[in-house]
Amino acid sequence: MDGNFLTLEDGLQRKVVAILAAQALREPSGLTLEMTLESLGIDSLGMAEIIFAIEEDFDVQVPFNANDPDAAGLDLGTVGSVCAAVSRLVREQRG
Amino acid sequence: MGRRVAITGAGTVNALALDVQGSLAALTAGRVAIGPMDFEEIDRLSVKIGGQIKDWVPEDRFTRQEVTLYDRAVQFAVEAGRQAIAEAGLELSEAEALRAGVVLGTGGGGYNTIDESYRAVHAQGKNRVHPFTIPKLMHNAAAAHLAMRHGLKGPSFTVSTACASSNHAMGLAFQMVRSGATDVMLAGGAESTLCFGGLKAWEGLRVMSPDGCRPFCASRNGMVQGEGAAVFVFEDWDRAVARGVPILAEVAGFAMTSDAGDIVLPDPDGATRAMQGALADADLTPEAIGYINAHGTGTAANDRSEAEAIRRVFDAPPPVSATKSMHGHLLGAAGAVELLSVISALRDGVIPPTAGWREEDPAVLGLDVVPNEARRAQVDAALTNAFAFGGMNACLALKRAG
């Protein structure tokens, strides 16, 4: 893992955490990777806004269907898992 | 017949003012709130005037979440509903909330949301729109948010009959309270179509005035659009009396008819039967009516047809005024905002005028249109008309409280 990659991941995580914190009406510093989105009070509309923000900010398609949340193999349960999912989508879709 | 129905609260935002008191003051002063509009791409429109609400800052009134979820029309409805409930001093127990609901009218629903979304995907080449686009633009959003905010768990729905929407909505609310189906209803309408797409579509019909709304005047040259909302609390009369709250007016009758003729041109027959029906439903004679708030759009077709209909119903017509001359035509919210003028006549004894009037028109058949200056009069009963594209007519009869 070289330095550039670490910086990239770091920036990605900061941006994702900022999106989640904005939805949870909290400061980003108040979020930890272990927290679940449910515990942050994020409901289905909040989830739709988060996915919208991720697609806009990272220029990716998030293949999420609220009727079948696990279908795309995306784990959006915790702050950390959302960061990992976005990282994977960015790698896959933007090479 | 059924129960009597009281109006115990009123709320509004429109181009005249952002509350009832300010609106009544403006209406009785004959103040015209129609003027140059301001929104994206207005330079591409041929008609640039309207009754646009200025100084509306959503962020000052709603949370960030609410701003992303509420179309402009919903914002207007939520504020008007808040005012109405506050005036009525409405507090409902859990059981009472099950027998309270909302019925609102809107012609266009979330028109600004539709316009912004289409601009994003068509003009700006974006590939996605905001995820709340559907819950923002749907016609029943305003009624839903009022039910949610005030915990009204009975019947809630939206009526969309173009320019008669809110009269139909208020008429249905009246029927539900009168019949005992519910005890309390929020009723009215909300509209916000003053955006590029909304007005571009109207341009095609060639019915818009470039310089002002002058109903019943020989110089008339079309309608002028407005925006806003008005919401009222309709309540079982005995319940209102038991609570000891002031009653603004009594809703006494309602009728709806169809021309079943032309999709845009009005037929005096449908309007005549609507007024006669409302009188019969209220058990009133034409002689009892002291004021008619006209549909009065300022189009040649409406002026002619409505004047003819009033002549058919009344041997000696009462004063008739068209207040769209001041706040503009609020389409699906028109009847609701115009009910404020009816309340002014019944409760305060002041008939708001037809503003902008310049010269007599033979097509108006000699009606007294209360030109330019409000008039003091004791009005015991009144009618308010709404005649929509589609030939759908809705007339309400109201009585002075007492």
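The values are calculated or read from the model by the stated rules, or taken from the named source; none is laboratory data. As the structure is a prediction and not an experimental result, all values here were calculated from the model. Don't worry about glycine lacking a Cβ; one is built from the backbone with ideal geometry, like all the others, and counts go over all protein chains shown. Ligands, DNA and RNA are stripped out before the accessible areas are found, and what is left, the full protein with its side chains, is counted by its heavy atoms. Shrake-Rupley method; radii C 1.70, N 1.55, O 1.52, S 1.80 Å.
Interface B/A, total buried accessible area with a 1.4 Å probe, nearest 100 Å²? Can you show the working numbers first?
Numbers: alone 15160 and 5990 Å², together 20210 Å².
In total, chains B and A hide about 900 Å² from solvent.
What nm distance separates the two modelled labels at B:L365 and A:A71, each placed 7 Å from Cα along Cα→Cβ?
6.1
If you wrap a convex hull around the alpha carbons of the stretch B:5-243, what volume per residue comes out, as a whole number of Å³?
For the stretch B:5-243, the hull spanned by Cα atoms encloses 137 Å³ per residue.
I need the fraction of alpha carbon pairs in chain B separated by more than 37 Å, rounded to a whole percent.
I get 15 percent for the Cα pairs in chain B exceeding 37 Å.
For B:E287, tell me the accessible area in Å² from a 1.4 Å probe, rounded to the nearest 10.
140
Summing Lys, Arg as +1 and Asp, Glu as -1, what charge do residues with Cβ under 13 Å from the Cβ of B:R358 carry, B:R358 excluded?
So the surrounding residues net to -2.
Just grab the label-to-label distance for B:A300 and A:T32, each label 7 Å out from Cα along the Cβ direction, in nm (one decimal).
According to this spin-label approximation, the distance is 7.7 nm.
Do any trypsin sites (Lys or Arg not before Pro) in the stretch B:335-402 lie in a loop, going by DSSP, with at most 16 other beta-carbon atoms within 10 Å of their beta carbon, and if so which? Kindly include the intermediate steps, with their values, before the conclusion.
Values: sites: B:R347, B:R358, B:R375, B:R376, B:K399, B:R400; in loops: B:R358, B:R400.
Answer by residue number: B:R358.
Of the candidates B:A84, B:A143, B:A120, which one comes out as most mobile in a Gaussian network treatment of chain B with C-alpha springs shorter than 10 Å?
Between B:A84, B:A143, B:A120, it is B:A120 that shows the largest mean-square fluctuation.
Over the alpha-carbon set of chain A, divide Rg by the Kirkwood Rh and report the Rg/Rh ratio to two decimals.
Values: Rg = 12.8 Å, Rh = 13.5 Å.
Across chain A, the Cα-based Rg/Rh ratio is 0.94.
Protein chains only, probe 1.4 Å: how do B:S179, B:S305 rank by accessible area, largest first?
Details: B:S179 85, B:S305 10 Å².
Order by accessible area, largest first: B:S179, B:S305.
Out of the DSSP beta bridges found with both residues in the protein assembly as shown, what percent are antiparallel (nearest 5)?
70
Where does each of B:V57, B:V370 land when they are ordered by accessible area, with a 1.4 Å probe and the largest first?
B:V57, B:V370
Using a cut-off of 10 Å between beta-carbons, work out the net charge of the residues near B:T133 (Lys and Arg +1, Asp and Glu -1, B:T133 not included).
Around B:T133, the surrounding residues sum to 0.
Quick check: pseudo-label points 7 Å beyond the Cα along Cα→Cβ at A:D10 and B:A120, how many nm apart are they?
Taking the two extended label points, one gets 3.3 nm.
In nm, what is the difference between 0.36 nm times the number of residues separating B:V67 and B:A29 and their Cα-Cα distance?
Taking 0.36 nm per residue and subtracting the Cα distance, the gain is 10.3 nm.
Quick one: accessible area per residue over the protein assembly as shown, 1.4 Å probe, rounded to a whole number of Å²?
41
Work out, step by step, the length gained on full extension between B:S46 and B:S219: first 0.36 nm times the residue separation, then minus their alpha carbon distance; give nm to one decimal.
60.3 nm
Taking R0 as 51 Å, what FRET efficiency do you get between B:R3 and B:I263 from their Cβ-Cβ distance, rounded to the nearest 0.05?
Calculated value: 0.85.
Sorting B:I134, B:I343 by accessible area (1.4 Å probe), largest first, what list results?
Largest to smallest exposure gives the sequence B:I134, B:I343.
What do you get for Rg/Rh of the protein assembly as shown when both radii come from the Cα atoms and Rh is the Kirkwood radius?
1.06
Using a 7 Å offset from Cα along Cα-Cβ at B:S179, what residues in the stretch B:71-112 end up with backbone N under 11 Å from the label point?
Once the point is set 7 Å along Cα→Cβ of B:S179, nothing inside the stretch B:71-112 turns out to lie under 11 Å by backbone N.
First compute the accessible area of the protein assembly as shown with a 1.4 Å probe, then give the percent of it belonging to carbon and sulfur atoms.
52
Looking at the stretch B:193-270, which trypsin sites (Lys or Arg not before Pro) are DSSP coil and have at most 13 other C-beta atoms within 10 Å of their C-beta?
Here the sparse-neighbourhood loop sites are B:R206.
Let me check I've understood the local charge: for A:M35, count other residues with C-beta under 15 angstrom from its C-beta, Lys and Arg +1, Asp and Glu -1. What total comes out?
Numbers: positive: A:R26; negative: A:E27, A:E34, A:E38, A:D75.
So the surrounding residues net to -3.
Using only C-alpha atoms and all pairs of different ones, pull out the Kirkwood radius for the stretch B:252-399 in Å with one decimal. Intermediate results must be reported in sequence, preceding the final value.
On the way: mean 1/r = 0.0676 Å⁻¹.
For the stretch B:252-399, the Kirkwood estimate is 14.8 Å.
Expected output is a single nm value to one decimal: the length gained when fully extending between B:L205 and B:N372, i.e. 0.36 nm times separation in residues minus the C-alpha distance. What is it?
Between B:L205 and B:N372, full extension yields an extra 57.3 nm.
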